[in-house]
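Data first, discussion second: the structure below is written as structure tokens.
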Amino acid sequence: MESQFAEADRLALDSEINERARAEMVSLPLEHRLRAAVGCRITVYLLCGESARGELRHAGADALVLDEGQHQVLIPYAAAARYVGLGRHALPENSQVRRSIGLAHSLRGLARDRAELSVTIAGGAGPQRLAGVIDRVGRDYVDLASVTPGEVRRSRSVGDVSAIPFTALAMIRSPKAG
């Protein structure tokens, strides 16, 4: 009889622990799970039908960065359909400053570096790739100057400039520095 009571108490405790864990998961944002997977190889399948695979290097407020070896890929969270390779752990960002750094900050860094990029945008006709250099970054858009790959961005070498809303960005691939 005593062992039955002990077993019932153990089952009740297990049930309470499981219920609390489920309640915690409800408030857990995906970026916390991504942050816990930094250093792991993951695959990100995008809403536009493309995918990217590499080592997760950074999980920010609005986007993540994958290391594909020769390239780094910036992917806005809004462009992702699913992630494969995440663990079960979560890691919140404790720094208020880091929490406030968003997609625009990363794009301004690419603009400052005058990095040659391959930008994939999502559209009704499927994904479209543009090559160029970021000229400007606004609050919710980026100006991409198309240049011939390998050429330095000069006014005479610019084919056209596209204003791309952040909501259309699927991924941005840039050569790794160094």
**OP:** Would you compute, from DSSP H runs of 4+ residues alone, the mean residue ellipticity of the chain at 222 nm, taking -39500 (n - 2.57) per run and dividing by the full residue count, rounded to the nearest 500?
**Re:** -8500 deg cm²/dmol
Subject >> Rough spin-label spacing in nm, given labels placed 7 Å along Cα→Cβ, for R41 and A163 >> reply: 4.3
Subject >> Under the Karplus curve 6.51 cos²θ - 1.76 cosθ + 1.60, θ = phi - 60°, whole-Hz ³J(HN,Hα) for region 163-172, x wherever Gly or Pro sits >> reply: 8, 10, x, 3, 5, 8, 5, 9, 7, 10
Original post:
Quick one: Debye curve from the C-alpha atoms of the chain, no solvent, what's log10 I(q)/I(0) at q = 0.08 Å⁻¹?
Top reply: -0.34
Original post:
Using alpha carbons only, how many degrees (0 to 90, rounded to 10) separate the axis of helix 103-113 from the longest principal axis of the chain?
Top reply: 40
**OP:** Just name one of A52, A37, A115: the one whose Cα is farthest towards the positive end of the charge dipole of region 34-119 (beta-carbon charges, Lys/Arg +1, Asp/Glu -1).
**Re:** A37
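Taking a ≥ b ≥ c as the square roots of the Cα gyration tensor eigenvalues, with a/c under 1.5 meaning rounded and otherwise prolate when a/b beats b/c, else oblate, which class fits region 71-149? Provide the component values of the computation, followed by the final result.
On the way: a/c = 2.18, a/b = 1.38, b/c = 1.58.
Verdict is oblate for region 71-149.
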Original post:
Each residue of region 123-138 in turn: what ³J(HN,Hα) in whole Hz from Karplus with 6.51, -1.76, 1.60 and θ = phi - 60°, glycine and Pro shown as x?
Top reply: x, x, 8, x, x, 10, 9, 10, 10, x, 10, 6, 8, 9, 10, x
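Could you state the accessible area per residue of region 35-178 in Å², with a 1.4 Å probe and every protein chain left in place? Show your work: numbers first, answer last.
Working: 8070 Å² over 144 residues.
Ligands and nucleic acids excluded, the result is 56 Å² per residue.
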Original post:
Using θ = phi - 60° and the Karplus form 6.51 cos²θ - 1.76 cosθ + 1.60, what ³J(HN,Hα) does each residue of region 43-58 get, whole Hz, x for Gly and Pro?
Top reply: 10, 10, 9, 9, 4, 7, x, 7, 8, 9, 10, x, 7, 5, 9, 7
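Out of the total accessible area of region 37-178 (probe 1.4 Å, heavy atoms of protein only), what percent is carbon and sulfur?
Exposed carbon and sulfur together represent 48 percent of the surface.
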Original post:
Does anyone have the angle between helix 2-26 and the longest principal axis of the chain? Alpha-carbon axes, 0 to 90°, nearest 10?
Top reply: 20
Original post:
With each pseudo-label sitting 7 Å past Cα toward Cβ, what's the N94-H32 distance in nm, one decimal?
Top reply: 1.5
Subject >> Label-to-label distance, nm, for residues given as Q4 and R57 (7 Å Cα→Cβ offset) >> reply: 6.3
**OP:** Kindly rank 90-98, 46-54 from highest to lowest mean number of other beta carbons found within 10 Å of each residue.
**Re:** 46-54, 90-98
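The values are calculated or read from the model by the stated rules, or taken from the named source; none is laboratory data. Every value quoted in this text rests on a predicted model; they were computed, and no experiment measured them. Positions of Cβ are generated from backbone atoms using ideal geometry, with glycine treated the same way; all protein chains shown enter the neighbour counts. Ligands, DNA and RNA are stripped out before the accessible areas are found, and what is left, the full protein with its side chains, is counted by its heavy atoms. Shrake-Rupley method; radii C 1.70, N 1.55, O 1.52, S 1.80 Å.
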